[in-house]
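Q: A single structure is presented below for examination.
The values are calculated or read from the model by the stated rules, or taken from the named source; none is laboratory data. Predicted model only: the values in this text are computed from it and were never measured. Here the Cβ positions follow ideal geometry from the backbone for every residue, glycine too, while neighbour counts run over all protein chains shown.
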């Protein structure tokens with residue numbers, strides 16, 4: 001058992017010093033009592049818990065490294081209520097459907113994974129790839145945890161370590177109860193990439209997993225239950241570093257949505273050449289892939305309103321950077337100085 005007197009000077013002037021004195025008294029009371037090892041250990045565990053309450057009396061949470069971790073109100077820029085294809089779903093989370101043909105649905109206050117087929121293969125089905133440089137943390141322990149509200153079948157969680165695409169190892173745990181379930185892993189040497197995953201283990205068609213939240217943090221204990229409600233605006237900005245759209249949040253990107261809200265709009269009535277510029281709200285982590293959408297026609301061209309005459313015009317000579325997208329419009333003959341060009345777009349810089 002540790003000698004708690006060594007930390008006495010640190011907290012001597014703290015208003016909770018009485019707690020420290022009480023712990024020391026309990027340690028002293030164990031001496032010469034002839035109690036069994038189990039009893040002493042039980043007292044030591046109680047002391048450790050008491051000390052933990054002292055050191056962190058308000059149960060302060062450790063920083064959550066994950067993005068879009070609160071599944072009660074997730075960032076969902078792609079705008080769908082259900083996802084069944086391999087690829088990104090709610091922001092920063094990728095769905096893998098190779099085993100289990102899984103479907104992710106955004107429910108009222110949680111997300112839900114449902115198996116479309118049976119599988120007994122342990123494989124990642126919902127994944128977040130972390131961008132941070134973990135080399136300074138080699139040898140440190142991290143904890144991945146999920147808040148499970150309900151499930152059927154057998155699912156699991158995994159921390160996967162890699163170096164430039166080369167697999168280094170993993171930490172795996174099965175989900176065997178509702179509430180906070182966690183797994184810990186130690187960062188191996190040369191690790192530069194970490195993936196956190198939910199996994200299929202042994203599921204049948206119709207089995208499901210309902211989730212309220214997730215956390216990846218430094219340390220060997222989960223503090224997910226201590227996290228305050230998510231700051232939606234903060235999480236949206238973090239996610240927009242990887243993916244952003246011009247559409248309103250509630251609208252899924254698509255051609256011919258019939259809505260110009262948020263669109264890139266340029267008056268081309270009094271200029272010789274038509275250029276459009278989209279300045280992103282958040283600088284992207286890398287040069288993104290741009291996809292364009294016509295707000296009022298089923299094509300990827302720019303929509304031009306020309307004094308009551310509407311046309312779809314092609315886009316040429318585009319320039320894409322981490323901060324903006326600039327593109328030239330094939331400008332038609334203009335009938336009015338009020339002619340407008342409208343375009344929706346998405347910028348994708350996901351990992």
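Q: Would you mind finding the one in 75, 65 that is at pLDDT 75 or above, within 30 Å of residue 344 (Cβ to Cβ) and either in contact with a strand residue (DSSP E or B) (Cβ under 9 Å, 6 or more places away or on another chain) or part of a loop (DSSP other than H, G, I, E, B) (or both)?
A: It is 75.
Q: Output yes when any residue across the stretch 140-159 is buried (at least 19 other Cβ atoms within 10 Å of the Cβ), over 30 Å from residue 228 (Cβ atoms) and in the same structural domain as residue 215 (by TED's automatic domain parsing), and no when none is.
A: yes
Q: Another question, then. Which residue is modelled with the highest pLDDT, if the candidates are limited to the stretch 189-220 and must be surrounded by 15 or more Cβ atoms within 10 Å (Cβ to Cβ) and outside any strand (DSSP E or B)?
A: 207
Q: Determine which single condition residue 310 fails, assuming it passes every other condition in (1) exposed (fewer than 15 other Cβ atoms within 10 Å of the Cβ); (2) under 25 Å from residue 349 (Cα atoms).
A: Here residue 310 clears every test but (2).
Q: Residues in the stretch 315-322: is at least one under 27 Å from residue 79 (Cα atoms), outside any strand (DSSP E or B) and touching a residue at least 24 places away in the same chain (Cβ under 8 Å)?
A: Checked against the condition, which is being under 27 Å from residue 79 (Cα atoms), outside any strand (DSSP E or B) and touching a residue at least 24 places away in the same chain (Cβ under 8 Å), the stretch 315-322 yields at least one hit.
Q: May I ask you to list the residues in the stretch 176-188 that are in contact (Cβ under 8 Å) with a residue 24 or more places away in the chain and either in a loop (DSSP other than H, G, I, E, B) or at negative phi (or both)? If you could, list the steps in order and put the result at the bottom.
A: Going residue by residue through the stretch 176-188, those that are in contact (Cβ under 8 Å) with a residue 24 or more places away in the chain are 177-188.
Answer for the stretch 176-188, where residues must be in contact (Cβ under 8 Å) with a residue 24 or more places away in the chain and either in a loop (DSSP other than H, G, I, E, B) or at negative phi (or both): 177, 178, 180, 181, 182, 183, 184, 185, 186, 187, 188.
Q: From 347, 341, 286, which residue is under 29 Å from residue 129 (Cα atoms) and assigned to a strand (DSSP E or B)? Before the answer, list the steps.
A: Working: 341 fails: under 29 Å from residue 129 (Cα atoms); 286 fails: assigned to a strand (DSSP E or B).
Being under 29 Å from residue 129 (Cα atoms) and assigned to a strand (DSSP E or B) holds for just one of 347, 341, 286, which is 347.
Q: Here's another thing I want to ask about it. Give the residue that is farthest from residue 261 (Cα to Cα), with candidates limited to residues of the stretch 313-328 that are surrounded by 14 or more Cβ atoms within 10 Å (Cβ to Cβ) and either under 25 Å from the mean Cα position of the chain (by Cα) or at pLDDT below 95 (or both).
A: The qualifying residue farthest from residue 261 (Cα to Cα) is 322.
Q: Hey, residue 173 hits all of (1) without any contact (Cβ under 8 Å) to a residue 24 or more places away in the chain; (2) loosely packed, with under 14 Cβ neighbours inside 10 Å; (3) at negative phi but one; which does it fall short on?
A: Answer for residue 173: the failing condition is (2).
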